Structure formats: structure tokens, C-alpha cells
Number of protein chains: 2
Amino acid sequence: MICNSYERFFKTLAEPAKLEIINLLSKGPLNVSQLSKKLNFEQSRASHNLKALADRHFVLVERKGKERYYSLDKTIIAPILRLIDAHVEKYEKHYCKCKGIPWRKKE
Amino acid sequence: MICNSYERFFKTLAEPAKLEIINLLSKGPLNVSQLSKKLNFEQSRASHNLKALADRHFVLVERKGKERYYSLDKTIIAPILRLIDAHVEKYEKHYCKCKGIPWRKKE
DNA sequence: TAATCATATGATTTGCAATTCATATGAGCG
DNA sequence: CGCTCATATGAATTGCAAATCATATGATTA
């Protein structure tokens, strides 16, 4: 059972699917169908992952008719990733970054 | 396969065993035997986990005779956890923190 | 209000990674 | 050197959580 806040936090961000979602949503809000299509995810896969991200307040939801638009709460993600970048830059130059998160570079 | 730096980073910190090690080492360096005993870990379990943490430069190793002393590189961990604390404080007040990391409170 | 579209939810399966178990390496010491 | 202590390493196992599959809910429109 996950009972520690840190574990909860890190576990949520330790999966490629959720990182891809974060990366995509950084470009703007999307509803579930749009997101599923862009990432080639099953609809339920997208929903499950989005729910986890929303539960931990990494993304926000807004209902528009039948659709639900998910958007990124950048205030928490951006500073974290900036710290990691610094760490990686310092120690892990040799590691591959096959799917770099583009908005990392903007700042 | 883990290929993305962010995933590597978060996965490493997403396990209770590694968080317990980080917590313990925050109080000072220890060798493998001491750490295993304090955390009730099998020796090999401690070694495997310490290796992973060392590979990612979260901890440092120093040989002293047969023993190897592991110590925390606080420069990376502390700022990260501070950000998470702020996030948790804001959104997850209700979540339990059964094994709080003490040096979080000092700063 | 039936039909359809958009999304959520629950149960089952499955894949992977942490632990364990067994063994290897390597340092100090008599 | 042979022995023991400290740690590392590799292979096998196992537990868990993400993906999948099937179904439910809920909103819109005709």
C-alpha cells in the first residue's frame, strides 16, 4: 500500500505513459479522445492515467458537455523538472534522452 | 527499458526501500552492515538498493578497508523534497504520512 | 426516450522489477 | 597462503501495478 506522500508523488511520475501525457498536455489542454488518439492509447488507458494524475493534482479537469478537458498544472511540474535537469546535466551526461520533454528547453 | 532520464530519476525514488535508505543516511554515513541491521534488510537487498542509488548519484561511496560507507548527496534530494512538500501541503493535506522524513522539517 | 457519443469504472490478466537465494569477489589478518 | 568478514553480483522467484477487456454512467441530440 502506498502510504507515504513521497512515494505517491514519485510513483506517479515514474511511468512513461504519464510522462508522455504531461509532455503532450504541456502544449495545451485536450479531452480524452484527442489525447488517446495523439498518443495511440486505448481510451480506458488514457482515462486511468489521467485520473491518477488528477487525483494527485498534476492535471486539472474541466467539463464541457460530454467532453472533459484535461490541462497541466505547470506550477508543480516545471520546477521539479528543472531540478532534475540540473542533476542530470551534472552527473548523467551519458544517459540517453530518447523522448526529451521539449518545454524543458524553453526555460 | 528505461531510456528517459525523468523516468529513471522518478523510478529510483518511487520505492519505499530507497526512501527509507535516504531517510536513514540523512542522519549520517553508514556501511552496508550497519544499514542492513538498522532497516532489517537482507544484506543483498541493501547492496542492490544502494547500488541503484549510487548509479544515479543520489548517494556517494567511500571505501574504508573491507567496508564501504555510503553517504547522502543532499544537494539533489533536499531541494526536490522541499518542492514536493509544498505541493503536498497545498493539495494533499488529507494523505497520511506514516513514515515522514524528519530532515524535511528542519528546513 | 431511445440512440449515440464521450468518458469512467471494475475485474482480470500480464509484464516487469524488487526481493530473495546462492555464490563470487576482495580485503585484512594470523 | 588459507580463513573470515564485508560486500557485490547473478539467476530465479514473486508481488504488484499498469494495461486490457468488458461494462457502466452520463450527457447530448433527434
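The values are calculated or read from the model by the stated rules, or taken from the named source; none is laboratory data. Keep in mind it's a predicted model, so treat the numbers as computed, not measured. Positions of Cβ are generated from backbone atoms using ideal geometry, with glycine treated the same way; all protein chains shown enter the neighbour counts. Just so you know, the surface numbers come from the protein's heavy atoms only, side chains and all, with ligands and any DNA or RNA stripped out. Shrake-Rupley method; radii C 1.70, N 1.55, O 1.52, S 1.80 Å.
Kindly report the accessible area of the stretch B:15-104 per residue (heavy atoms of protein chains, probe 1.4 Å, no ligands, DNA or RNA), in Å².
That works out to 56 Å² per residue.
Checking the cross-link pairs A:38/B:11; B:27/B:51; B:37/B:64; A:51/A:74 against a 22 Å limit on the alpha carbon distance flags A:38/B:11 as lying beyond it. Inter-chain neighbour count for A:72-82: the average number of beta-carbon atoms from partner chains within 10 Å of each residue's beta-carbon is 3. Per-atom-type breakdown for the stretch A:26-82 gives carbon and sulfur 48% of the accessible area (1.4 Å probe, protein chains only). Ranked by the mean number of other Cβ atoms within 10 Å per residue, highest first, peptides A:55-68, A:22-35, B:40-53 order as A:22-35, B:40-53, A:55-68.
With each label modelled as a point 7 angstrom along the Cα→C-beta vector, the residue B:55-residue B:17 pair spans 1.3 nm.
Taking every residue in A:13-24 and counting other chain Cβ atoms within 10 Å of its Cβ, the average works out to 3.
Annotation for the A:B interface, with buried accessible surface near 3600 Å², both sides summed [1.4 Å probe; non-protein components not counted].
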